[in-house]
1. In the list ALA148, ALA195, ALA172, which residue meets the criterion of being hydrophobic (A, V, I, L, M, F, W, C), loosely packed, with under 13 Cβ neighbours inside 10 Å and under 22 Å from the mean Cα position of the chain (by Cα)?
2. Could you list, in sequence order, all residues of segment 277-307 that are modelled with pLDDT of 95 or more and part of a strand (DSSP E or B)?
3. Tell me, yes or no, whether segment 84-97 has at least one residue that is at pLDDT 85 or above and more than 19 Å from TYR228 (Cβ to Cβ).
4. Look at ALA231 and say whether it is touching a Gly at 6+ places or on another chain (Cβ under 8 Å), within 30 Å of GLY300 (Cβ to Cβ) and of a type in the set (Gly, Ala, Ser).
5. Restricting attention to segment 179-192, and to residues there that are open to solvent by less than 60 Å² (accessible area, probe 1.4 Å) and either without any contact (Cβ under 8 Å) to a residue 12 or more places away in the chain or out of contact with any strand residue (DSSP E or B) (no Cβ under 6 Å at 6 or more places or on another chain) (or both), which single residue is farthest from ARG119 (Cα to Cα)?
6. Would you be able to say whether some residue in segment 201-222 is under 16 Å from the mean Cα position of the chain (by Cα), over 21 Å from LEU88 (Cα atoms) and open to solvent by 20 Å² or more (accessible area, probe 1.4 Å)?
7. Of the conditions (1) at pLDDT below 50; (2) buried (at least 18 other Cβ atoms within 10 Å of the Cβ), LEU80 clears all except one; give me its number.
8. For segment 223-247: of the residues being modelled with pLDDT of 95 or more and of a type in the set (D, E, K, R), which is least open to solvent (accessible area, probe 1.4 Å)?
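The values are calculated or read from the model by the stated rules, or taken from the named source; none is laboratory data. Keep in mind it's a predicted model, so treat the numbers as computed, not measured. FYI the Cβ positions are ideal-geometry reconstructions off the backbone, even for glycines, and counts take in every protein chain you see. Quick note on the areas: whole protein, heavy atoms, side chains included, nothing else; ligands and nucleic acids left out. Shrake-Rupley method; radii C 1.70, N 1.55, O 1.52, S 1.80 Å.
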Amino acid sequence: MKRLRTFIALATVPLFLAACGDLSSSSMSGSSGNSKNGTTQLTGQSSDGDYEGVIKSGHYQTSKSRGVTNSQDSGNTYNLKSFENGMLNVSKKMYSTKKYVFQEGQYLSANTVQNWLDRKSKSNTTGLNPVSNGSTSATKRNPIYIQALEEQDYMTQKNNKLTLGGVTIGIAVNSVDYYKKTQYGATFETKIDKATGEAYAKKAANTVLQRLRKKSALKNVPITIAIYRQASNDSLVGGDFIAYSENKAGATSVSSWKALNEKNYVFPIESGSSSPNSNDETSFTNFKTQVQNFFPNLSGVTAQAHYNGKSLTGMHVNIQTQFYSQTEIISFTQYLQTAAQKYLPSGVPIDITVSSTDGVQSFLSRNTGDKKFTSHVFNSY
């Protein structure tokens with residue numbers, strides 16, 4: 001039985017696309033990719049850093065294979081989000097948000113991706129993962145290397161028509177392969193070191209590129225392939241993109257790779273570990289201390305920090321509360337605006353989510369270059 005399942009998206013339209021753009025000003029007619037003819041619109045653009053998305057015949061163009069992945073028990077939900085957002089960031093290096101329009105993958109079906117992610121066997125010769133050698137030993141078995149594969153399409157607009165201008169393929173490789181020796185038995189682990197996983201993914205990338213070129217629509221378009229290393233299931237952050245390759249139109253083999261020096265960290269840093277910049281760690285610790293001293297009814301204050309080398313590029317702060325009073329939430333959010341501006345690192349985008357067992361209570365954010373945080377308290381009538 002295949003170790004595969006499909007995760008259902010929590011939202012129809014990803015958060016990186018503008019949800020309330022001016023559709024009327026972006027209206028077009030014509031054919032996009034391999035879709036049937038019909039009225040095509042764009043979602044509109046909330047900022048220059050976001051891609052517009054494609055609406056076909058009044059419906060958002062959903063991916064044909066989004067979320068198909070090898071089953072890893074409960075998994076790490078941060079991996080899927082980190083994988084997709086990271087693909088967008090890699091794509092922006094080649095496909096400008098000012099010149100290209102984003103479209104969910106339309107050329108790889110769910111069935112195709114499932115077969116590619118499965119082990120290679122007599123019944124599935126297209127499997128990208130190695131043939132099972134029958135061993136259940138953590139050190140002797142052939143692990144599942146490739147965990148997920150995703151497609152993103154980038155369109156250009158000319159004469160009121162959208163034309164495929166480029167494709168990005170993300171290949172997610174495991175850092176740990178979780179498996180069972182019996183169907184309902186205990187879970188075991190095979191750890192995969194970074195060098196081994198990266199080498200396997202790069203070899204698979206050549207196979208994927210060759211297969212894509214056999215599709216008539218993808219023969220002569222640039223195809224970017226990015227390799228992502230999954231975080232373990234117990235990690236409080238997602239994994240990291242470690243390399244990508246730009247493949248010109250018509251190329252059937254990957255000629256070179258560009259290394260990415262990106263890493264996600266959890267604040268507070270675990271004992272025995274360190275962050276790339278101790279000043280950022282100190283800033284968060286001071287913020288956390290002030291917040292907890294001011295409002296004692298907190299279950300926890302943590303943050304996900306993203307680095308490019310030693311430079312902090314963004315931070316997501318999560319605060320769990322035990323508040324039951326709406327006035328407490330309002331006062332707490334007001335205090336957070338002041339404390340965050342004073343203590344958290346400046347010059348990078350930061351968002352703060354305040355939540356309890358009842359759901360999100362308030363949200364604060366600051367964009368790159370802004371000094372003050374904006375906030376919103378979720379009320380009820």
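1. Values: ALA148 fails: loosely packed, with under 13 Cβ neighbours inside 10 Å; ALA172 fails: loosely packed, with under 13 Cβ neighbours inside 10 Å.
Step by step, each of ALA148, ALA195, ALA172 is checked, and only ALA195 is hydrophobic (A, V, I, L, M, F, W, C), loosely packed, with under 13 Cβ neighbours inside 10 Å and under 22 Å from the mean Cα position of the chain (by Cα).
2. VAL301, THR302, ALA303, GLN304, ALA305, HIS306, TYR307
3. Taking segment 84-97 and keeping what is at pLDDT 85 or above, we get 84-97.
Next, only the ones that are more than 19 Å from TYR228 (Cβ to Cβ) stay: 96-97.
Within segment 84-97 (the criterion being at pLDDT 85 or above and more than 19 Å from TYR228 (Cβ to Cβ)), the answer is yes, since at least one residue qualifies.
4. Working: touching a Gly at 6+ places or on another chain (Cβ under 8 Å): yes; within 30 Å of GLY300 (Cβ to Cβ): yes; of a type in the set (Gly, Ala, Ser): yes.
So ALA231 passes the test.
5. GLY185
6. Of the residues in segment 201-222, the ones under 16 Å from the mean Cα position of the chain (by Cα) are none.
No.
7. (1)
8. Across segment 223-247, the extreme among qualifying residues is ASP240.
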